[in-house]
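As structure tokens, the structure follows; a few thoughts come after it.
The values are calculated or read from the model by the stated rules, or taken from the named source; none is laboratory data. This is a predicted model, so every value here is computed, not measured. Positions of Cβ are generated from backbone atoms using ideal geometry, with glycine treated the same way; all protein chains shown enter the neighbour counts. Keep in mind that these areas ignore ligands, DNA and RNA; they rest on the heavy atoms of the full protein, side chains included. Shrake-Rupley method; radii C 1.70, N 1.55, O 1.52, S 1.80 Å.
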Amino acid sequence: ALRKGSELEKAFATAALVYSNAAGPRGELPRGDARRLLQTQFPSFIQGQENKPKYREIISALDEESENKMDFEDFMILLVSVALMSDLLREIRNVKTTK
């Protein structure tokens, strides 16, 4: 459906598809599963973040409430939060500004 879509549309559709494949029949994802998705589908963004207090706070909340479920909106907020603090995002910004 998105063959002619923009790169951003394709990226968002991919995130929605990954979430949808992992979510239960009600469209919700256990927080523990969200952590595993971060580790398997977002490794370049979480690499090196383990010692950052904000990252540890996010992950500990996922661990403490591992049975609680999140919807797609919460999952996307999680992805954006992790991406914003990542070293990879900083590297991407540096490449863009040096071109």
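Below, the figures for the structure above:
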{"read-out": "The one condition in (1) surrounded by 16 or more Cβ atoms within 10 Å (Cβ to Cβ); (2) in contact with an Asp or Glu (Cβ under 8 Å, 6 or more places away or on another chain) that L37 fails to fulfil", "value": "(2)"}
{"read-out": "Condition check for G5: assigned to a loop (DSSP other than H, G, I, E, B), touching an Asp or Glu at 6+ places or on another chain (Cβ under 8 Å) and exposed (fewer than 13 other Cβ atoms within 10 Å of the Cβ)", "value": "no"}
{"read-out": "Single match in S60, S20, S44 (criterion: part of a helix (DSSP H, G or I), open to solvent by less than 90 Å² (accessible area, probe 1.4 Å), among the polar types (S, T, N, Q) and touching a Gly at 6+ places or on another chain (Cβ under 8 Å))", "value": "S20"}
{"read-out": "Of all residues making up the range 1-21, the number that are under 18 Å from Q41 (Cβ atoms) and either among the polar types (S, T, N, Q) or in contact (Cβ under 8 Å) with a residue 60 or more places away in the chain (or both)", "value": "4"}
{"read-out": "Long-range neighbours under 6 Å by Cβ, at least six apart or interchain, first residue more than 16 Å from A22 (Cα to Cα) within the range 60-87, second in a helix (DSSP H, G or I) and open to solvent by 40 Å² or more (accessible area, probe 1.4 Å)", "value": "E65/R31; V82/F45; A83/F45; M85/K54; S86/F45"}
